[in-house]
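Structure first, commentary second.
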Amino acid sequence: MLPADIADFTGREDHVASLHRFLSGATNTDRHHHAPAIATISGMGGIGKTALAVHVAHRLAGAHSDGQLYVNLRGADASPLQPGDVLARFLRALGVPNQVIPADETERAELYRSRLADRCVLLVLDNAATEEQVRPLLPGTASCAVILTSRTRLTGIEGARRVDLDVFPPNTAIRLLARITTDERVTAQHTGAAQIVTLCGGLPLAVRVAGARLAARPTWHLGHLATMLGDERRRLDQLTAGDLAVRASLALSYQGLDPTVRRLFRLLGLFDLPDFPAWFAAAMLESSLDTGIEHAETLVDAQLLTAADTDVAGQQRYRFHDLVRIFARERAEVEETGESLASALTRGFGGWLALTERMARHIPGPCYAAISGPGPRPATGWVERYAPSVEPGLWFDAERTALLSLIRQACRLGRDDVAFDLAGCLEKYFDVRGMYSDWVDTNTEVMSACRAAGNLLGEAVMLRGLIDVTTWISEGGDGDAMSRMHDDAFRLLGMFTLLRHEQGICDAAVMCSWALTAAGDHSAAITYATRALQLANQSEHQGGRIRARLALSIAHYEQGRFDQAAAGLVHALDEARALDNPRWVATVLQFAGITHRQLGNLEHSQHMLRESLTISRHYGDTYTEVLTLLALARLDLQRGDPAARTTAEASVALSREYHMSHHLAEALEVLGEIELADGFPARAIGHLEESVAIWRTRGWHSMQATALTNLGKAYAQTEPLAARGAFEEAGAILTRLGDTAKLAELLPYISTHGPECSQEPTPPRVG
């Protein structure tokens, strides 16, 4: 009774071998030796369950000399076959006359088992619905073997070997495509073949349909079909050939579901999520968490969702096959009203916003004002119950990909308020994890969407984050980094001023202060930092107070007013601890440690820097860690501690790895100083030349002057003409900055390498 084997059967080699061994009796370690061997093959529609079962059955046919029984139980249809009807069919196949077959199903089952006793028969029960449908059809003796296939996992079948089929990997899918068309065609057009199997999601039925269409059209280029499949709204239309259709296969699974589960399936499919946690099902149904999980698991049992691995945050996750998601969206467009679709999107985005905002509060990072849009959030009772059980950093690790997908979808759908809210919540996570490219790409895309929508608030919030990451991390761009920061910060200040958003104005004013300090305009820097502090007090922006005090202290530090800088940092540290933001506790500690080193309080400096380093390493905050290592290297150099070299080298390595241009310039300058102190001017020159070259792209003029001065000292021992050029360039910068103290220290070097060396000084070999 077996159907014909599939001539172009492809893949599943491990499953074929394992099932053959188990069902042929080659091993009985997984079953009792008096019981029949039973194997269940489960998977979504179109995954190849029947193909595998029939292929294995043909390989086993010779070992089952008394015959092979086969039936399609139509388990996915609206009216599956009744066990009694199947028993009658099997009894007739076993030679029982019609008039002898009992009317009672139980008696039929008894006669059936009697006829199978001591016979060696293989049964293939294809497309089963439930255990109840199958159980009367199972033989009672070990001489028989059974292969069951079902779209649901028949976990109630005792002693069965279970095989769950997944989609084909790309290479296997391409092999199947080649067998249906021709090897030569696929080899010659491999790129098109790869695109086709990717768009089919590796689903064997979809690949088979695509191959059948190509086989019927030998003049088609494979890229042509790939282009047709690329239109997501018509993809299922293209995956039809004769009586093979992916949509029809999926519809069978869908139609057998409870109405509430069908609705959950439709609504989940609206979102561009690679996978999602269990709570999302509850949010979509506005149900309890337990009910949401129960219905999601029903979709898993129906093979319309896949239960993915538990994520790093300990959450159970689910995912759609791409073609199943397209089918879910089709059903949503047909069965849901426009109002219900809009409501579902609002509810889904709102659920992610509510939980993401909750988690973001506990991530250490930039203490900007938390500025949100007017997007609705659902009732958060379930969030309050769910969130405490998950560590926020691990939660963001688990949800990063999902959140980025949602942000892109929100931009496409014109939901810019959702996009900038979610992107804003990710900024601290991106910062502390060092994911700077993700930060730049996300804010840039969302800022563009907000600008197109006329959403000035969203545009300003995205620009605020972009200024931070592109100033201190990213390379390239026009002019130097601090000049760009100056222009962008004042543009941001104008945007928040237009919006009359005091906390936003405060954040922008701090950025203006930093840019002015870098340019050497310390008076203006203090003015803007003081204004920011006033605004922070007025608007109760605690993070703004910390940032404003730090900006003030940096301006005082650059002027050589170390006592004033240290006094301001005392208040900033108290407020950072009260804010419970470890990132800013570490940041203030590092600047306080740097300041106390200048004051000669070396033990106090070391204590603060060590505490800062411990915090940053605990949170994996590489940016803060590197700056603290630099400060410790300078401290060790001042003390004559040989550990300075190792610490500086670690700073250089981390700065290069994470593309921290600002830190790299300073780390190279420190390492150059160490080489000079150890009597290796040639090695110092290499580090210092690179440092000066980077400082010219950074635009922090006092630091550039320091690097030039040390480069001049290194040149002085080997190339006096180049030394004069470095000293004079440093002197010009210090003159422009009005830094008379450092200029006075530099003048002896300039005079020593004066005009008698050359009429035209040789510039440093950098740039």
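The values are calculated or read from the model by the stated rules, or taken from the named source; none is laboratory data. In this text, all values refer to a predicted model and were calculated from it rather than measured experimentally. Glycine also receives a Cβ, built like all others from the backbone with ideal geometry; neighbour counts cover every protein chain displayed. Surface accessibility is based on the protein's heavy atoms, side chains included, excluding ligands, DNA and RNA. Shrake-Rupley method; radii C 1.70, N 1.55, O 1.52, S 1.80 Å.
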Handout entry: Helix 622-639 axis, angle to the chain major axis (alpha carbon atoms, nearest 10°)
Key = 40 degrees
Completion exercise
Longest principal axis of the chain (C-alpha) makes with the long axis of helix 720-737 (C-alpha) an angle, in degrees to the nearest 10, of 90 degrees
Handout entry: Phi-based couplings in Hz for the range 418-432 (Karplus 6.51, -1.76, 1.60; Gly and Pro marked x)
Key = 5, 4, 6, 5, 5, 5, x, 5, 7, 4, 5, 5, 4, 5, 5
Completion exercise
Site residue 316, offset 7 angstrom along Cα→Cβ, radius 14 Å on amide nitrogen, limited to the range 289-310, gives 289-302, 305-310
Fill in the blank from the handout: Counting only protein heavy atoms and leaving out ligands, DNA and RNA, the solvent-accessible surface of residue 49 at a 1.4 Å probe, in Å² to the nearest 10, equals 20 Å²
Exercise for the section: As a check on your grasp of the helix formula, calculate [θ] at 222 nm for the chain: sum -39500 (n - 2.57) over DSSP H runs of n ≥ 4, divide by the residue count, round to the nearest 500. Expected result: -21000 deg cm²/dmol
Problem - Simple spin-label estimate for residue 241 and residue 171 in nanometres, 7 Å along Cα-Cβ - result: 2.4 nm
Fill in the blank from the handout: Total charge of the residues flanking residue 737 in space, meaning their Cβ is under 12 Å from its Cβ, with Lys and Arg +1 and Asp and Glu -1, is -1
Practice task
Can you tell me the FRET efficiency between residue 696 and residue 744 if r is taken as the Cβ-Cβ distance and R0 is 25 Å, rounded to the nearest 0.05?
Solution key: 0.55
Handout entry: Normalised contact order of the range 548-660, rounded percent, pairs of Cα under 8 Å and 6 or more residues apart
Key = 18 percent
Practice task
With the full set of protein chains in place, find how many percent of the accessible area of the range 491-535 is carbon and sulfur; take the probe as 1.4 Å.
Solution key: 55 percent
Handout entry: Hits among lysines - C-alpha to C-alpha of residue 713 under 20 Å, sequence gap 8 or more where chains match
Key = 742
Exercise for the section: Express the relative contact order of the chain as a whole percentage, based on alpha carbon pairs under 8 Å and six or more residues apart in sequence. Expected result: 7 percent
Completion exercise
If amide H atoms are modeled at 1.01 Å from N in the peptide plane, then the residues at a separation of 5 or more from residue 318, or on another chain, having amide H under 5 Å from its own are 276, 308
Exercise for the section: Take the alpha carbon atoms of the range 415-488, find their center, do the same for the range 668-689, and report the distance between the two centers in whole angstrom. Expected result: 36 Å
Handout entry: Cα gyration tensor category, rounded, prolate or oblate, for the range 244-388 with a/c compared to 1.5
Key = prolate
Practice task
Show me 511-522, 100-111, 190-201, 54-65 ranked by packing, highest mean number of other Cβ atoms within 10 Å first.
Solution key: 511-522, 190-201, 54-65, 100-111
Exercise for the section: State the percentage of accessible surface on the range 1-135 attributable to carbon and sulfur atoms; use a 1.4 Å probe and exclude ligands, DNA and RNA. Expected result: 46 percent
Completion exercise
Computed ³J(HN,Hα) along the range 437-446: with the Karplus parameters 6.51/-1.76/1.60, θ = phi - 60°, integer Hz and x for glycine or proline, the list is 5, 4, 4, 4, 4, 5, 5, 5, 5, 5
Completion exercise
From the Cα centre of the range 498-517 to that of the range 256-309, the distance in Å is 45 Å
Handout entry: the chain, accessible area per residue, ligands and nucleic acids excluded (1.4 Å, Å²)
Key = 41 Å²
Problem - Whole-percent carbon and sulfur share, accessible surface of the range 544-606, 1.4 Å - result: 48 percent
Fill in the blank from the handout: Between residue 146 and residues 5 or more places away or on another chain, the pairs with built amide H atoms under 5 Å apart involve 37, 38, 39, 123
Practice task
Sum up the charges of everything whose Cβ sits under 11 Å from the Cβ of residue 532, counting Lys and Arg as +1 and Asp and Glu as -1, but leave residue 532 out.
Solution key: +2
Fill in the blank from the handout: Residue-ordered couplings for the range 2-15, obtained by feeding phi - 60° into the Karplus form 6.51 cos²θ - 1.76 cosθ + 1.60 and rounding to whole Hz (Gly and Pro as x), are 5, x, 5, 5, 8, 4, 9, 3, 9, x, 6, 4, 5, 5
Exercise for the section: Quick one: net charge around residue 47, please, counting Lys, Arg +1 and Asp, Glu -1 for every other residue with C-beta under 12 Å from its C-beta. Expected result: +2
Practice task
With label points built 7 Å along Cα→Cβ from the Cα atoms of residue 602 and residue 405, find their separation and express it in nm.
Solution key: 5.7 nm
Handout entry: Using alpha-carbon coordinates, inclination of helix 392-412 to the longest axis of the chain, degrees
Key = 80 degrees
